[in-house]
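Below is one structure, written out as C-alpha cells; the observations come after it.
The values are calculated or read from the model by the stated rules, or taken from the named source; none is laboratory data. None of the values given here were measured: they were computed from a predicted structure. Quick reminder, even Gly has a Cβ in these numbers, built from the backbone with ideal geometry, and neighbours come from all protein chains shown. In case anyone asks, the SASA skips ligands and DNA or RNA and just uses the protein heavy atoms, side chains included. Shrake-Rupley method; radii C 1.70, N 1.55, O 1.52, S 1.80 Å.
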Amino acid sequence: LLGLTPCTPSWTGHDWCIMAQNLPIKFQEHLQLTNCGVSLDNVAFATLTMESDKFICIRENVGDKAEVVIIETSNPSGVTRRPIGADSAIMNPVSKVIALKAQKTLQIFNLELKAKMKAHNMTEDVQFWRWINPSTIGLVTDTAVYHWSIEGGDAPTKMFDRHPSLAGVQIINYRTDDALKWLLLVGIAARDNRVVGLIQLFSVDKQVSQPIEGHAAAFANFKQPGNQAASTLLSIAVRTPAGGKLHIIEVGGPGAGDQPFQKKAVDIFFPPEAQADFPVAMQISPKHDVVYMITKFGYIHLYDLETGTCIYMNRISSETIFVTAPHEATGGIIGVNRKGQVLSVCVDEANIVPYITSTLNQPDLALRLAVRNNLQGAEELFVSQFNAFFSQGNYLEAAKVAAKAPRGILRSPATIQRLQQAPTVPGQQSALLQYFSILLETGKLNKFEAVELCRPVLQQNRTELLEKWLKEDKLECSEELGDMIKPVSAKYALSVYLRADAPAKVLQCFAESGDFEKIVLYCKKVGYNPDYAGILRMVLHSAADKAATFASSLAKDEPPPPDITPPTPCRRPSRPRDS
C-alpha cells in the first residue's frame, strides 16, 4: 500500500519493520480520495489542485452536471460539492476562498460569505495559475506572467515576458521567493526521446531573465552561521543525458558584511531500473533546512540545504506523485499520487541525527544538523567534542560547543564548574565569560547560568547590566537569583520574584516597601492565598502605623480573607491603686 521499496531485496517482513524504526523519515498516508467519493479518472494534473496542505480541489462531471469537490485534509469526511462549471479551480492556501477560471474569465469567491470578491476577463488564455501567497495569484499565459492581487480592484499586473526557450512547453509550476523579488517558471517538453526540463528565472529588481535547464526548483531563506541576515537560496534539480544534478545557489547576493553562500552541485542518483526517471517536484523545509525532491517514478530524495549532502533516498509510491505542497505541521512534504493516495514524508527528529552518524558515517553533518535544528541524537558527539577541546586547552571552542549543543545537554552546573576552573589566558576573557557571552548573543541563560553570571556583576554593583538583561529577557528568573539580588536592589529583586512566580517573596517585598495596597491586588491576579495573619505581623513589625489601615482594608475586601485576625495592641498591665 505504501509502495516502500527496501534497499536490500533479501529483507524479510520482520527485518523491514526493525529497519524502518531507524529510518530518518516518517511516512504517512493521510487519506484515500476514492473513499471521499472521488473518481480516479479525475485524480490527475489537469483536474486536481492542491495549493497547500489544507485543501484538495477536484473538478468532476457527475452525469451531465459539472461539480467542484473541496476536501479539507484535516477533516476528510467533510467533503463539499458545489455545482460549478469551470476549466480550473484553485483553493486559497489558508482560507475558504476559491479562484475559478472559465476560458478567459477569472473569478474569486469567498465560500464562507457566499460572495464574489473579484473578477477579470483576460485577453489571452491562462495556461497555468496558482496561489503564490494567500493574497496573490500567479497567472501564466502563452506570452507572459502576471500577478493578480485579491485586494482592491486592480487588474492583473504583468511581471515579465516568457523566454523564447519556454515556447510550446507544458508549464508545470511557478514559484517566487518570499519577497517577490525572484520569479521562476518551470516547464517540460518531450525532446530527443526524453523529457527536458526548462526554467526561466526572472529578477524583478534587474528586470532580467535567465533560461536554465531544470525540472524542479524551489526558493528558501537560510541564515548561515555568523551572518546577520538570511540568504535567499535557489535549489534546482535537473536530469540531463549526462546524469542528474542538484544545484543550490544564492540569488541576489549576501547582506552587507555577510559572507556569501558557497554554491553546491551534487549528483542525483537514479537507480538502473529508473533510467527514464526525472525530478517532478520540490519543497524546502524551513523547519529543518532540508530539500525534499520527488521524481516521476515516485522516489523521494532528502538533501541537506546547507551542504547539499544526500541524507536519504527511497521509493515511496509506485504511481506518479503529480502535485505537492509543504506539510506545515511537520515541516515535510505532502502530495497526491495517481492512485488517489494523499501521502506525506517528513524528517524523523528522533532518528535523523543517529542515522547520519551511524549509517552515513558523517558525524560533522550530524552535529551541524543537531545544532541548527535543536535535534536529539548527538549527545555523545557533543560531550566528546567538549571534552576534547577542554583537554587541549582550547577553552573558547569548548565553551562554544557547550553553548550550542542542542536541547541544552551541556548547559549544566557541572559545565559551569569546569569552565570556572579553566585557566584564563592573559588579555582574554575567562572561559566562563566567553560561554555566557555566546549564550547572551543567541538566547537566554538558564537559572544556573543566570545566578553565576550575576554573582560577579552584583559584587561590582553593576546594576545597569542587570537592568539591561532583565529588559531583554536574557535571564531565567528564579527565587535563588532574587535572593542574591535583594541585598543590592530590592526593585530588581521584586522584578525577578514576579517573573519566577515566587508569590511569598513578592508579598514580602511589597510589605517591606510599604506597598500594602498591591498585596491584595497581586493575590487576586495570580490566585494566591497567602498567610494574611503572617503578613499582618510583618506589616506591624515594619510599619506599625499602617497595620490598622491594612487590616481594615483586608476586612472590607469582598470576600474578606478567611484567616485574618486583626492584631491586638499590647498594653502594659495597670498598677493596683493604693488603698
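Take each of the peptides 343-350, 433-440, average the number of other beta-carbon atoms within 10 Å over its residues, and list them starting from the highest.
343-350, 433-440
Go ahead and run the numbers for FRET between residue 94 and residue 22, Cβ-Cβ distance against an R0 of 56 Å, rounding to 0.05. Present the calculation step by step, with values, prior to reporting the outcome.
Values: r = 36 Å, r/R0 = 0.64.
Result of the calculation: an efficiency of 0.95.
Run lengths n ≥ 4 of DSSP H only: what is the helix-derived mean residue ellipticity at 222 nm for the chain, with -39500 (n - 2.57) per run over all residues, to the nearest 500?
Here the helix-only value at 222 nm equals -8000 deg cm²/dmol.
Using only the Cα atoms of segment 35-123, build the gyration tensor, take square roots of its eigenvalues as a ≥ b ≥ c, and label the shape rounded, prolate or oblate: rounded if a/c is under 1.5, else prolate if a/b is larger than b/c, else oblate. Display every interim value, and only then the final one.
Numbers: a/c = 1.70, a/b = 1.23, b/c = 1.38.
It is oblate, given that a/c is not under 1.5 and a/b is not larger than b/c.
Take the Cα of residue 380, step 7 Å along the line toward its Cβ, and report every residue of segment 330-353 whose backbone nitrogen sits under 16 Å from that point.
Counting only backbone N, you get 351-353.
Dividing the Cα radius of gyration by the Kirkwood radius, what Rg/Rh value follows for segment 234-349? Before the final figure, lay out each step's value.
Working: Rg = 14.7 Å, Rh = 14.9 Å.
Rg/Rh: 0.99.
Pop the C-beta distance of residue 460 and residue 205 into the FRET formula with R0 = 60 Å and round what comes out to the nearest 0.05.
Details: r = 51 Å, r/R0 = 0.85.
Computed FRET efficiency for residue 460 and residue 205 comes out at 0.75.
If one computes the Cα centroid of segment 399-464 and of segment 259-329, what distance in Å separates the two points?
41 Å
For segment 293-384, rounded, prolate or oblate, judged on the Cα gyration tensor with a ≥ b ≥ c (square roots of eigenvalues), a/c < 1.5 rounded, else prolate if a/b > b/c? Please report the intermediate quantities before stating the final value.
On the way: a/c = 2.82, a/b = 2.21, b/c = 1.28.
Since a/c reaches 1.5 and a/b is larger than b/c, the shape of segment 293-384 is classed as prolate.
Where Lys and Arg each count +1 and Asp and Glu each count -1, what net charge lies around residue 116 among other residues with Cβ under 15 Å from its Cβ?
On the way: positive: 82, 96, 101, 114, 118; negative: 112, 151.
Spelling it out: positives minus negatives among the neighbours equals +3.
Over the heavy atoms of residue 478, what accessible area does a 1.4 Å probe trace out, to the nearest 10 Å²?
Rounded to the nearest 10, that gives 20 Å².
Carbon and sulfur: what percent of segment 373-477's accessible surface (1.4 Å probe)?
On the way: 2620 of 5510 Å².
After summing per-atom areas, the C and S share lands at 48 percent.
Counting only other residues whose beta carbon sits under 10 Å from that of residue 298, what net charge do I get with K and R as +1, D and E as -1? Each step should come with its number before you reach the end.
Values: positive: 296, 315, 338; negative: 277, 319.
Here the count lands on +1.
Report the net charge of residues surrounding residue 382, where surrounding means a beta-carbon distance below 13 angstrom and charges are Lys +1, Arg +1, Asp -1, Glu -1. Write out the running numbers ahead of the final one.
On the way: positive: 368, 400, 404, 407, 411; negative: 364, 379, 380, 397.
In short, +1.
Given a 1.4 Å probe, how much area per residue of segment 323-397 is accessible, in Å²?
On the way: 3160 Å² over 75 residues.
Heavy-atom SASA per residue in segment 323-397 reads 42 Å².
Determine the gain in length on full extension of the stretch residue 521-residue 549; use 0.36 nm per residue of separation and subtract their C-alpha separation, reporting nm with one decimal.
Values: separation 28, 0.36 × 28 = 10.08 nm, distance 1.58 nm.
Gain on extension, residue 521 to residue 549, equals 8.5 nm.
For the chain, take every pair of Cα atoms, bin their distances at 20 Å starting from 0, and report each bin as a whole percent.
Reading upward from the zero bin: 16, 36, 28, 15, 3, 1, 0.
Pulled fully out, how much extra length does the chain show between residue 360 and residue 437, if you take 0.36 nm times their separation in residues and subtract their Cα-Cα distance?
Working: separation 77, 0.36 × 77 = 27.72 nm, distance 3.43 nm.
Length difference between fully extended and current span is 24.3 nm.
Solvent-accessible area per residue for segment 201-240 at a 1.4 Å probe radius, Å²?
Working: 1710 Å² over 40 residues.
Value returned for segment 201-240: 43 Å² of accessible area per residue.
Based on the Cα atoms of segment 382-493, what semi-axes does the equivalent ellipsoid have, where each is the square root of 5 times one gyration tensor eigenvalue, given in whole Å with the largest first? Intermediate results must be reported in sequence, preceding the final value.
Values: eigenvalues 134, 44, 26 Å².
So the three semi-axes of segment 382-493 are 26, 15, 11 Å.
Need one word for segment 124-269: rounded, prolate or oblate. Basis is the Cα gyration tensor (sqrt eigenvalues a ≥ b ≥ c); a/c below 1.5 gives rounded, then a/b vs b/c decides. Display every interim value, and only then the final one.
Working: a/c = 2.25, a/b = 1.09, b/c = 2.07.
Here segment 124-269 falls in the oblate category.
Could you work out, for segment 338-403, what percent of all Cα-Cα pairs fall into each 5 Å distance bin, beginning at 0 Å and stopping at the bin that holds the largest distance?
4, 17, 22, 17, 13, 9, 6, 4, 2, 2, 2, 1, 0
Taking every Cα atom in segment 396-455, find the radius of gyration and the maximum pairwise distance Dmax, and write them in Å.
10.6, 33
With charges set only on the Cβ (+1 for Lys and Arg, -1 for Asp and Glu), what does the dipole of the chain come to about its Cα centre, in debye to the nearest 20?
Working: 58 positive and 59 negative charges, 206 e Å.
The dipole magnitude comes to about 1000 debye.
Report the calculated FRET efficiency for residue 221 and residue 467 (r = Cβ-Cβ distance, R0 = 41 Å), to the nearest 0.05. Mind showing how you got there, number by number?
Working: r = 34 Å, r/R0 = 0.83.
My answer for the efficiency is 0.75.
Heavy atoms only, probe 1.4 Å: what % of the accessible area of segment 202-298 goes to carbon and sulfur, would you let me know? Don't jump to the answer; show the numbers that get you there.
Working: 2370 of 4440 Å².
In segment 202-298, the share of accessible area belonging to carbon and sulfur is 53 percent.
For a quick check of your reading of the filter: which trypsin sites (Lys or Arg not before Pro) in segment 141-213 sit in a DSSP loop and have no more than 14 other Cβ atoms within 10 Å?
Numbers: sites: 158, 162, 175, 181, 191, 194, 206; in loops: 162, 181, 206.
The qualifying sites are 206.
Could you run the Karplus curve 6.51 cos²θ - 1.76 cosθ + 1.60 with θ = phi - 60° over segment 403-419 and give me ³J(HN,Hα) per residue in whole Hz, x for Gly and Pro?
6, 9, 4, x, 6, x, 5, 10, 8, 9, x, 5, 5, 4, 5, 5, 5
So what J values fall out for segment 471-481 if you push phi through Karplus, 6.51 cos²θ - 1.76 cosθ + 1.60 with θ = phi - 60°, rounded to Hz, Gly and Pro as x?
5, 8, 6, 9, 10, 7, 7, 9, 5, 4, 5
Using 0.36 nm times the number of residues separating residue 421 and residue 371, minus their current alpha carbon distance, what extension gain do you get?
Working: separation 50, 0.36 × 50 = 18.00 nm, distance 2.59 nm.
Net length gain for the segment: 15.4 nm.
I need the phi-derived Karplus couplings for segment 69-82: 6.51 cos²θ - 1.76 cosθ + 1.60, θ = phi - 60°, integer Hz, Gly and Pro marked x.
Taking θ as phi minus 60°, the curve returns 9, 10, 10, 7, 5, 7, 9, x, 6, x, 7, 10, 10, 10 Hz for segment 69-82.
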